[in-house]
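Asks: Quick one: the structure is below, and I'll ask about it shortly.
The values are calculated or read from the model by the stated rules, or taken from the named source; none is laboratory data. In this text the structure is predicted, and so the values were computed from the model without any measurement. Methodologically, a virtual Cβ is constructed for each residue, glycine included, from the backbone with ideal geometry; neighbour enumeration extends over all protein chains shown. Calculation scope for accessible area: heavy atoms of the full protein, side chains included, ligands and nucleic acids excluded. Shrake-Rupley method; radii C 1.70, N 1.55, O 1.52, S 1.80 Å.
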Amino acid sequence: EILRKMIWQVADFCGVEVLTYCVMANHFHVLLRVPDASEVSDKELLRRYKVLYPKPTKYQTASIAVMEKDLLAGGGEAEAVRRKLLARMGDVSEYMKAVKQRFSVWYNRTHQRYGTLWAERFKSVLVEGRGNPLQTMAAYIDLNPVRAELVDDPKDYRFCGYAEAVAGNRLARKGLSLVWAAHADGSARERRHFEAAL
C-alpha cells in the first residue's frame, strides 16, 4: 500500500503521468508518460515539493520555509532552488530513483533493518512502434496478477492501475484513457466512452 501511494505521490512531484502500474510481491511495473518540458512556476515548484512531505518534520518545514523565502527574494539563491528542483522533474530515472529510495527508507525504518531492497537498477523501455504498443504494454502490466494466478480478473487486484481505474480513481482513469485514446482516433467522444466503460 505504501509503494502504491509513493508511485502516485512521486509522479505528482516529478510532473510525470502514471498511465498504469502493478505492484507484485517481488517487483513492480510502471507505465509513465513524460510530458514535454514546460515552464514551472515557483508556486508550482513549492506545491510539488510539499507533495513529497504531506506530514513534514520540523526540519522539512524549516527547509520549505527557506526555499520559499529564497524563491520570493529572487536572484542567485532562487535560481539555485529552481535548478535543484527542476533537475528532479520530467525524468524517468529521477522518478524511479525517488520511488525506490523513499520506499527503501520507509521499509527499513518500519522493519528495523538497513541496506538495499532492490537487487539491481530498474530497466526501462521506450514504448513506440506500429500497431498498439502502448495498449500491449498496459495489458502486460495490468495482467501480471492474472498470470501469477493471484486473481482471475485484474479489477480484483488492489495494486494495479486497472483496478484503481475500475474503482473510480480519477488519476488511474485518466492514465488508462490516455493509453486507449492513443489507439482510437483521439476524439473526445471515444475518450468519454472509454472512461464510462471502466
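Asks: As a check on your grasp of the helix formula, calculate [θ] at 222 nm for the chain: sum -39500 (n - 2.57) over DSSP H runs of n ≥ 4, divide by the residue count, round to the nearest 500.
Replies: The helix contribution divided over the chain gives -17000 deg cm²/dmol.
Asks: May I ask for the net charge around Arg158, where only other residues with Cβ less than 14 Å from the Cβ of Arg158 are counted and Lys, Arg are +1 while Asp, Glu are -1?
Replies: -2
Asks: Residues with amide H under 5 Å of Val16's amide H, sequence separation 5 or more or different chain, H placed in the peptide plane at 1.01 Å from N; which?
Replies: When sequence neighbours closer than 5 places are left aside, the close amide H contacts are Gly90.
Asks: Here's another thing I want to ask about it. Taking DSSP loops as anything outside H, G, I, E and B, show the longest stretch in the chain free of trypsin sites (Lys or Arg not before Pro) there with at most 11 other beta carbons within 10 Å.
Replies: It runs 1-112.
Asks: Mind listing the phi-derived Karplus ³J(HN,Hα) values for segment 33-40, rounded to whole Hz, using 6.51, -1.76 and 1.60 with θ = phi - 60°, and x for any glycine or proline?
Replies: 10, 9, x, 4, 4, 9, 5, 10
Asks: Using a 1.4 Å probe over the heavy atoms of the protein chains, calculate the carbon and sulfur portion of the accessible area of the chain as a whole percent.
Replies: 54
Asks: A follow-up question, please. By accessible area of protein heavy atoms, probe 1.4 Å, what ranking do Glu128, Glu44 get, highest first?
Replies: Sorted descending by solvent-accessible area, the residues read Glu128, Glu44.
Asks: As I understand it, the value is the acute angle between the Cα axis of helix 58-73 and the longest principal axis of the Cα atoms of the chain; what does it come to in degrees, rounded to 10?
Replies: Helix 58-73 sits at roughly 80 degrees to that axis.
Asks: For helix 188-197, report the angle its Cα long axis makes with the longest principal axis of the Cα atoms of the chain; keep it between 0 and 90° and round to the nearest 10°.
Replies: 80
Asks: Compute the acute angle (0 to 90°) between the alpha-carbon long axis of helix 75-86 and the principal axis of greatest extent of the alpha-carbon atoms of the chain; round to the nearest 10°.
Replies: It is inclined by approximately 20 degrees.
Asks: If contacts are Cα pairs under 8 angstrom and at least 6 residues apart, what is the relative contact order of segment 42-87 in percent?
Replies: Result for segment 42-87 is 37 percent.
Asks: How about Lys97: which aspartates and glutamates have a C-alpha closer than 17 Å to its C-alpha, ignoring those fewer than 8 places off in the same chain?
Replies: Of all the aspartates and glutamates, those that pass the test against Lys97 - Cα under 17 Å, at least 8 places apart if same chain - are Asp12, Glu17, Glu120.
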